[in-house]
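Enquirer: Mind looking over this structure? Questions follow.
Just so you know, all these numbers are worked out from the coordinates, no wet-lab data involved. Bear in mind the structure is a predicted one, so any value in this text is a computation, not a measurement. Ideal geometry is used to build each Cβ from the backbone, glycine not excepted, and the neighbour counts take in all protein chains shown.
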Amino acid sequence: MWSKVKAVLRTLQARGPLALRRAIALESVTPTDTAAWFRSRGYAPRPVESI
């Protein structure tokens, strides 16, 4: 997941805090990427309960 974010930042050559905030493209990180990252760190997703 973080490698995708770093790759986008390198491609855009964002420098400085404001440029980094503008350049961070979290849309390049999918929910699947995020879930996989948490699983790789030992966190299991909880089932979503219906209300």
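Enquirer: Once both labels are modelled 7 Å past Cα along the beta-carbon direction, what's the ARG22-THR34 spacing in nm?
Expert: 2.5
Enquirer: I've got another one for you. What length, rounded to one decimal in nm, is gained on full extension from ARG41 through to TRP2, with 0.36 nm per residue of separation minus their alpha-carbon distance?
Expert: Once the chain is fully extended between ARG41 and TRP2, it gains 12.7 nm.
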